[in-house]
Each structure stands twice: as structure tokens, then as C-alpha cells.
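Reading through the C-alpha cells given below for one structure.
The values are calculated or read from the model by the stated rules, or taken from the named source; none is laboratory data. Model, not experiment: these values are computed from the prediction. Every residue, glycine among them, receives a Cβ derived from its backbone with ideal geometry; neighbour counts consider all protein chains shown. Calculation scope for accessible area: heavy atoms of the full protein, side chains included, ligands and nucleic acids excluded. Shrake-Rupley method; radii C 1.70, N 1.55, O 1.52, S 1.80 Å.
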Amino acid sequence: MKILRFLHPERRTPSWGRLLEGDVVEEITSPFGKGTGRGARFFLRDLRILPPVRPSKIVAVGLNYKDHIAELGQSVPENPILFLKPQTAVIGPKEPILLPPCSSRVDYEAELAVVMKRRAFRLKKSEVRDYILGYTCFNDVTARDLQTKDGQWTRAKSFDTFAPLGPWIEDELDPEDCTVRCFVNGTLKQEGNTRMLLFPVEELIVFISEIMTLLPGDVIATGTPKGVGPLAPGDVVEVEVEGIGILQNPVAAR
């Protein structure tokens, strides 16, 4: 089932829904048990599709595909390399990625993302699946020149609009075998499969939950395959994850 957040043009507050035969069926309660809607049915084309969640944090994983590690000339990490992206970086489908004037190179990074369903801390591997709401597409937009200059990644990863997320959450997906692609202006730039992950989804969540409490709606971005490259104003970037769909965003100068 594909779960989404949307805004109807005649309403002021977002609602939750699910896709059904090309339409959106509004949910009375959210996946987290809070009331949101009235149970109506809408045409998808009439709605503004929002980021599927507003996470308290995005926990992202660097250098998790071996081919991406090789293209960057990095060594294989012993443990997952983690960094955080703020909620203020999140945008939804068709919202513009804004390139900051202080960076001369901003890259796309297509990723599979995990959305948490329940509060999680110190999970065992056998428990992980019960704590996952589902999966979505993610673009870990990165100011590559600033990442290199700073030596750590916070500034390069945290600009507003640097966390496109969506278009919806798929709760029936095998995260251990799905293809992740990125297209820029219709040209394929990245293609990898989650079979190539250095640290698979369940291992990541066990590792992360030993460090911090994960809250309902928090997002874990699992890393990007090889082929990262620059974006320019006027580009259209698409992240496609097999079994989920396509996250499309235009690119503009700030």
C-alpha cells in the first residue's frame, strides 16, 4: 500500500491517504494514530502531494555502496558513517531544490529511505521490521565543494531544500533487493541495487538505535550508489526506487 500526505486546494491542513486505482482515499487517522481526515476520495491530479512525513530528524548513512566508496577514493568503513539532516531541509515532490550561492558544486544522491513507525531504542535485529512503517525515495543533495572544504558534512548536507522526500511511503517492499536510479533531465546518472549495500537496512537500524532514540516518522537514508554528479539551475532531477515510484524536483538558484 502506498501511503501519502496531501493538501486539498479547499483545505488548510494536510491529510493522510492511500493510493487506490489512481485515486487517493483519505484516511481518518494517520499511520501514527492521530486523526486527520474525513474519509473522502479524490483524484490524485487535484491534490498537492506533500513530503510523506515531517521527521524529527533524518539519519543518513555515508559510504554505504562499495561502488560509491570507490568513485570517491575512500576506504571501506568498519561501521556505518552517520550524519544528520535537519527537518528544515525537507521538501516534497515537484518543490524546487535551491542552489546556495556559497557553493559552486551541488550534487544529487539517489537513495532508498526508511520511515519509522514506532519509538525505537536498542532494537534487536528480529524486532526491526515491526518498527518500520515503510520506504520512500530520498535525494541526499550535497554541496560537494563545501563537504571537501569543511572536512565534516553538516554544512554541505543541511541547506534548506537539500532533503527531497517522497512521493509516498510503500509499506510492502523488500529493502534488500530493489533498484535505485537517478535521472537528470531524463538521462540516467545513477543505478544500483540495495543488494550492494555494505550495511543492509536491518543492520543500520540496530546500529542507529543503539546510539539514539528513533521517533515515529523519523527517516533513515541508506546511502547512494556510484554516479553522483552536479546539478545546475533549470535541471529536473528524478529519484526512482523500484516498487515505490519517482520523486521529481526542479533545480533553481537560490
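R0 = 22 Å: FRET efficiency of S75 with F207, Cβ-based, nearest 0.05?
Calculated value: 0.75.
Give the residue list of GluC sites (Glu not before Pro) in segment 153-194 that are DSSP loop and have at most 15 other beta-carbon atoms within 10 angstrom.
Here the GluC sites (Glu not before Pro) that fit, given the DSSP loop and packing criteria, are E172, E176.
Need the full-extension length gain, L82 to S126, defined as separation in residues times 0.36 nm minus the C-alpha distance. One decimal, nm.
Additional length available on full extension: 13.6 nm.
Might you report the magnitude of the Cβ-based charge dipole of segment 148-199 about its Cα centre, with Lys and Arg at +1 and Asp and Glu at -1, to the nearest 20 debye?
For segment 148-199, the charge dipole is close to 520 debye.
With 28 Å as the limit, write out which pairs from K124/K149; K117/K149; K2/K66; K57/K226 have Cα-Cα distances beyond it, or answer none.
K124/K149; K117/K149; K2/K66
Of E78, E127, E202, which has the largest mean-square fluctuation in a 10 Å C-alpha GNM of the chain?
E78
In debye, nearest 20: dipole of the chain around its Cα centre with unit charges on the Cβ of K, R (+) and D, E (-)?
900 debye
Taking springs between alpha-carbon atoms closer than 10 angstrom, which of C182, C137, C102 fluctuates most in the Gaussian network model of the chain?
Of the options given, C102 has the highest mean-square fluctuation.
Return the single residue from V241, V206, V90 with maximal mean-square fluctuation; model: Gaussian network over the chain, springs between Cα atoms under 10 Å.
Most flexible of the set in this elastic network: V206.
What 222 nm value per residue comes from the helices of the chain, counting each DSSP H run with n ≥ 4 as -39,500 (n - 2.57) and dividing by all residues, nearest 500 deg cm²/dmol?
Mean residue ellipticity at 222 nm (helix-derived): -2500 deg cm²/dmol.
Taking the DSSP beta bridges in the chain as the whole, what percent of them are antiparallel, to the nearest 5?
Here the share of antiparallel DSSP bridges comes out near 90 percent.
Quick one: what are the phi-derived ³J(HN,Hα) couplings along segment 67-84, Karplus 6.51/-1.76/1.60 with θ = phi - 60°, whole Hz, x for glycine and proline?
6, 6, 4, 5, 5, 8, x, 9, 8, 6, x, 6, 10, x, 8, 10, 8, 10
So if R0 is 35 Å, what FRET efficiency would S56 and A252 give, r being the distance between their Cβ atoms, rounded to the nearest 0.05?
For S56 and A252, the calculated efficiency is 0.80.
When all protein chains stay in place, what accessible area (Å², nearest 10, 1.4 Å probe) is found for L98?
Rounded to the nearest 10, the figure is 50 Å².
Positive end of the charge dipole of the chain (Lys, Arg +1 and Asp, Glu -1 on Cβ, about the Cα centre): tell me which of V106, T222, V239 has its Cα farthest that way.
Going by the charge dipole, the pick is V106.
In nanometres, what is the gap between the two model label sites at E176 and E21, each 7 Å from Cα along Cα-to-Cβ?
For the pair E176/E21, the computed spacing is 3.6 nm.
Using +1 at the Cβ of each Lys and Arg and -1 at the Cβ of each Asp and Glu in the chain, identify which of Q74, W16, V201 lies farthest towards the dipole's positive end.
Checked the options; the winner is W16.
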